[in-house]
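Just so it is clear, none of the values below were taken in a lab; they were calculated from the coordinates. Since the model is a prediction, treat every value here as computed from it, not as a measurement. Neighbour counts run over all protein chains shown; Cβ positions are idealised from the backbone, glycine included.
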Amino acid sequence: MVWASGWRLASAVSNAGGLGLIGAGSMYPEVLQEHIQKCQQATNKPFGVNVPMLYPEIDRIIDIIIELGVQIVFTSAGNPKTWTAHLKEHGITVVHVVSSVKFAKKAQEAGVDAIVAEGFEAGGHNGRDETTTLVLIPAVKEKIGIPIIAAGGIATGRSMLAAMVLGADGVQIGSRFVASDEASSHDLFKQKVVEAGEGDTQLTLKELAPVRLIKNKFYHDVQKAYKDGASVEQLKELLGRARAKRGMFEGDMEEGELEIGQVSALIHEIKPAARILADILVEFEAAKTGMSEL
Ligand SMILES: Cc1cc2nc3c(=O)[nH]c(=O)nc-3n(C[C@H](O)[C@H](O)[C@H](O)COP(=O)(O)O)c2cc1C
């Protein structure tokens, strides 16, 4: 996750038994290099790097990942055909993030090892079709033979179990880990996530890159621009540069872009990543036992 998942969070998740991911999307190549090296020192467990493929210096990013021996790459926001074969030639496991059956099929054709199927509830950039996790997972399961990792709206053991009942082989959890001690997000943003209730996020800016964010002043300025009939150019100008950094990393809760999922309504506490994972697994096991007793 941009501005949240540096080496601290990724290594904490991996050390606790999950698969931690470093979010390359907010890092210059040399910054990513440092985060990978620190993560390698902080854990001897597997971890991965998430690479949004629209990244301007993508070639350099991929070279660094290969040079440093990263074993797992999650690609998003782009065509899975572009990098999958190259990464796999270097023995890297490739997972691609999709928001529809159509893109899931394309990812499978491109030869990825697994897909993340991310529903409309999810925080951050998302698909235009508004397909919820509840519908997307079984729909993808019908058409795809490779492993499916469900994402969007999962922050508890019960929702993890639900995703697996729907056909997922694993889950990707985003928003819950923003409100963790180890996330590099600004403390004010973490607090905002804890305070967010149901209905406090919205998917917007579909004309640019659809993104789910908290309804703050920036969000309301965007809505006013829509009402006034803003063109795509005017929306781009309003968004400007570095809005996400300004909000999530620098702590500007009014003017910044605050990316988070609907599930923020169920996040009530900032916790260490290891406790988040442990609590989810305890609840998952209890829910599974409860189900088998029905
Ligand atoms: C702050 C934030 C930043 C994110 N950045 C990325 C990113 O750079 N690349 C990506 O593939 N997904 C990104 N995501 C999406 C997550 O990886 C994950 O799929 C999503 O958060 C799952 O839904 P949830 O928020 O309901 O848990 C981001 C999500 C959040 C909340």
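Between residue 191 and residue 60, what is the spin-label point distance in nm, taking each point 7 Å from the Cα along the Cα→C-beta axis?
That separation, rounded to one decimal, is 3.6 nm.
Using unit Cβ charges (K, R positive; D, E negative) and no other charged atoms, how large, in debye to the nearest 20, is the dipole of the chain about its Cα centre?
360
Run the simple label-point estimate for residue 30 and residue 245 please: 7 Å along Cα→C-beta, distance reported in nm.
That separation, rounded to one decimal, is 1.4 nm.
With charges only on Cβ, +1 for K and R and -1 for D and E, what is the dipole size of segment 29-143 about its Cα centre, in debye, rounded to 20?
So the dipole magnitude of segment 29-143 works out to roughly 360 debye.
I want the antiparallel fraction of DSSP beta bridges within the chain, as a percent rounded to 5.
The antiparallel fraction comes to roughly 20 percent.
Filter the trypsin sites (Lys or Arg not before Pro) in segment 1-87 to those in DSSP coil with at most 16 other Cβ atoms within 10 Å of their Cβ, and list the result.
Passing both the DSSP loop test and the Cβ count: 81.
Using the alpha carbon gyration tensor of segment 177-294, what are the three equivalent-ellipsoid semi-axes (square root of 5 times each eigenvalue), largest first, in whole Å?
For segment 177-294, the semi-axes come out at 33, 17, 11 Å.
Sequence neighbours fewer than 8 away in the same chain don't count; with that in mind, list the lysines whose C-alpha is under 18 Å from residue 245.
List returned: 190, 192, 215, 217, 236.
Using just the C-alpha positions of the chain as equal point scatterers, what log10 of I(q)/I(0) does the Debye formula give at each q in 0.07, 0.09 1/Å?
Here the Debye-derived log intensity ratios amount to -0.24, -0.41.
What is the sum of charges, Lys and Arg at +1 and Asp and Glu at -1, for the other residues whose Cβ falls under 15 Å from the Cβ of residue 180?
Around residue 180, the surrounding residues sum to +1.
On a full-extension model of 0.36 nm per residue, what is the gain between residue 198 and residue 221, subtracting their alpha-carbon distance, rounded to one decimal in nm?
Extra length available between residue 198 and residue 221 comes to 6.2 nm.
Where nothing but the Cβ of Lys and Arg (+1) and of Asp and Glu (-1) is charged, how large is the charge dipole of segment 198-237 around its Cα centre, in debye to the nearest 20?
Once rounded to the nearest 20, the dipole reads 60 debye.
Choose one of 21, 193, 83: the residue whose Cα lies farthest towards the positive end of the charge dipole of the chain (beta-carbon charges +1 Lys, Arg; -1 Asp, Glu; about the Cα centre).
83
Binning at 10 angstrom from zero up to the longest distance, how are the C-alpha pair distances of segment 224-263 distributed in percent?
All Cα pairs considered, the percentages come to 29, 41, 29, 1.
Name the lysines eligible as straight-distance cross-link partners of residue 102: C-alpha to C-alpha under 17 Å, and not fewer than 8 places from it in the same chain.
81, 141, 143
For the chain, with the dipole built from +1 on Lys and Arg beta-carbon atoms and -1 on Asp and Glu ones, taken about the Cα centre, which of 140, 222, 258 lies farthest toward the positive end?
140
How large are Rg and Dmax for segment 249-294 when calculated on the C-alpha trace, in angstrom?
16.0, 50
Please compute the modelled spin-label separation between residue 89 and residue 268, points set 7 Å along Cα→Cβ, answer in nm with one decimal.
5.3
Name the residue farthest towards the positive end of the dipole of the chain from the options 180, 68, 103, assuming +1 on Cβ of Lys and Arg, -1 on Cβ of Asp and Glu, about the Cα centre.
103
In segment 140-245, what GluC sites (Glu not before Pro) fall in a loop by DSSP, with at most 16 other Cβ atoms inside 10 Å?
Answer by residue number: 198, 207.
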